[in-house]
Each structure stands twice: as structure tokens, then as C-alpha cells.
Amino acid sequence: MMVPVLLAASEVNVALNVAFGVLAVVMIGAALFVVTTKNVVHAALWLVIVLSGMAAQYLLAAAEFVAVSQVLVYVGAVMVLFLFGIMLTRAQIGAEGNLNNPGWALGIPVALLLLGVMGWAIIDLFGDQTIEEAPGGASTQAISDQILSPYLAPFLAITFVLLAAAIGAIVLARKD
Amino acid sequence: MSEFLRDYLTVVWFGAAGVLLGALLFGISALIRPNHPTEQKVIAYESGVDPVGIGWSQSQIRYYVFALLFVIFDVEAVFLFPWAAAVERYGTFGLVVMLAFIFLLLDGLIYAWKRGLLRWV
């Protein structure tokens, strides 16, 4: 059912589907390297490819702001934290033989179950229905209109959450 | 394909041209340069001294504070983006809101400064 949904698009959308497929293949390949590489730093760098592919997928869905946020927050900040975490804490850096968790095979049924549930939910909800592109799309300007008028109070509340996170991080990092 | 993605096609072509140009230059130089590797030539250059050990080493834990602060201000940058994309639409009101946002987060930086975390010792 999934494949007809993907292919039954009009001719205009063929390029979109091809781009989606290419990105998906690159992401899956990089994700396999993340879990199979023997070097933890290399795993983190492969994860950069996966997350950048995700940003490109957001762009294909015309979600410009989400794509930029993905690059800034995940590819930028979260990857910096990952690399710092690896560089600062690991006693042995470099290739390692036994990185696999002994129960790794259990992950396969869990992943398949997750795929099944999510796929079923999406197909059950949308089926063959074509989702129309919103006029103008989810432009960055529309998002900033939302932030600065109806969501102004939550936006300023987020400021305090971020401030609390900054001070909490400083307190935890330096206990002296 | 929508107008939106057509705009991004320009970005794709631009990136492809950049990659092609780089590959071309490196390819040409690899073709025409002489190549006589010796054992001395392939070791990593370390100011004329023989390199000791491997390239990987554990970093100082004090860098971690900078990484944490970077994450906080990175999230701040994400919120500044949509406002900056349409700055003239909101005029003084938007400026005041964003300045309040920046100054509230600056408190965190001032706190780190007061705790002496920004001092390089």
C-alpha cells in the first residue's frame, strides 16, 4: 500500500519522489554505518549525514524553518555535545572491538514493531489521500507572525526555560 | 514542482558546481604532479619533530562549559531567525520583544562570567 502512495503522484512530483528516495537511501546507509562502525567518533560523524539528510527532507516538504532549525540545533549543537561527550569521557579513543550490546538482536523486532505501528497509523489516517500544499506554505514569516502575536507569552516563557537550562548547566558543570 | 523547491534547485546546482570545481582541481593536480612517497614524507608533520603517539587524545573537561553555553545560545539563534527574516514587519514592538529575549538570556552569560567560568586558566 505504501509504494502505490509514493508512486501514484502526478508527473510534477516525480522529481520530488526521486529526491526523497535518494535522500532516504543515503540516510539509511549512513544510519547503518552509525551502528556498525567500530569507532565512536566516526559513528557521531555518520550521524551528521543522517541528520543533514533529515534537514533536506524537511526542505522537500517545504518546511524551510524546520530545516534550518534541524541544521542549527541537531547538526550544530547536539553533535557538538556528542563529540564533546566522547572526547571528554572516553578512556579509550579509537577503534574498539566489542561496542555491540549483547542484546542487540532484540532491537530488530522492536524496530520492526515501531515501523509497523507508525506506518499503520499514517496509512490509516491518510491512505491514498493527497495532501494539498498550503498556499504560501509554512513560510518563516508566518511562523514569526505566530511567535510575535498569539504565542508571545509562551515565547517569553521559553526564555526563562532557556535561562534556567543555562544556569543549571553551569551549576552542574562546576560544582565548586 | 512548486516555486519553493524550484528556488532550492538553484542551491543544489550551486553546490554541485562547487563540488565539481573542487574535484576538477584536485583531479588535475593529482594527474600532473610527481608522486614519490618515502617513509619520511608520509608521517604527519609536527613542526619538524617526529610525532609521538596517536592523533586521538582526551580533551580538557573545562571545554564542556563552552559546549553547553553554545547549545543554549544556538537555540536562541533559532528563535531570532524568524524575526530577522521579517524584521521591518514588527517595527519597534518586535525589536523590544527580541531585546528582552536576548537580555534575559544574557543573564545566563553574566552568571557564567561571575562564576569565573569564562576565565581562561
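The residues on offer are B:Glu76, B:Glu88, and the sole one that is in contact (Cβ under 8 Å) with a residue 24 or more places away in the chain and under 30 Å from A:Val161 (Cβ atoms) is B:Glu76. In the set (1) facing chain A (nearest Cβ under 9 Å); (2) open to solvent by 60 Å² or more (accessible area, probe 1.4 Å), the condition left unmet by B:Gly48 is number (1).
Pairing residues of the stretch A:29-57 that are under 23 Å from B:Gly55 (Cα atoms) with residues that are among the small types (Gly, Ala, Ser) and surrounded by 18 or more Cβ atoms within 10 Å (Cβ to Cβ), at Cβ distances under 6 Å and at least 6 apart in sequence or on separate chains, gives A:Trp46/A:Ala30. Residue pairs whose Cβ atoms lie under 6 Å apart, sitting 6 or more positions apart in sequence or on different chains, and linking a residue in the stretch A:113-131 that is at negative phi to a partner that is open to solvent by 100 Å² or more (accessible area, probe 1.4 Å), are A:Ile123/A:Met1. Quick one: is A:Met54 closer than 30 Å to B:Trp83 by Cα and surrounded by 15 or more Cβ atoms within 10 Å (Cβ to Cβ)? It is true that A:Met54 is closer than 30 Å to B:Trp83 by Cα and surrounded by 15 or more Cβ atoms within 10 Å (Cβ to Cβ). Being open to solvent by 40 Å² or more (accessible area, probe 1.4 Å), more than 9 Å from chain A (Cβ to nearest Cβ) and in a helix (DSSP H, G or I), is that true of even one residue in the stretch B:71-78? Looking through the stretch B:71-78, none of the residues is open to solvent by 40 Å² or more (accessible area, probe 1.4 Å), more than 9 Å from chain A (Cβ to nearest Cβ) and in a helix (DSSP H, G or I). Scan the stretch A:140-176 for residues that are in contact (Cβ under 8 Å) with a residue 40 or more places away in the chain and not hydrophobic (A, V, I, L, M, F, W, C) and the total you get is 1. Among the conditions (1) within 9 Å of chain A (Cβ to nearest Cβ); (2) at pLDDT 85 or above; (3) open to solvent by less than 90 Å² (accessible area, probe 1.4 Å), the only one that B:Phe4 does not satisfy is (2). Beta carbons closer than 7 Å, at least 6 apart along the sequence or on distinct chains, pair a first residue in the stretch B:55-67 that is facing chain A (nearest Cβ under 7 Å) with a second that is among the aromatic types (Phe, Trp, Tyr) and open to solvent by less than 70 Å² (accessible area, probe 1.4 Å) for B:Tyr63/A:Phe84; B:Tyr64/A:Phe84; B:Ala67/A:Phe84. The numbered conditions (1) open to solvent by less than 50 Å² (accessible area, probe 1.4 Å); (2) over 30 Å from the mean Cα position of the chain (by Cα) are all true for B:Gln40 except (1).
The values are calculated or read from the model by the stated rules, or taken from the named source; none is laboratory data. Just so you know, these numbers come straight off a predicted model, no measurement behind them. Backbone-built Cβ (ideal geometry, glycine too); neighbour counts: all protein chains shown. For accessibility, only protein heavy atoms count, side chains too; no ligands or nucleic acids. Shrake-Rupley method; radii C 1.70, N 1.55, O 1.52, S 1.80 Å.
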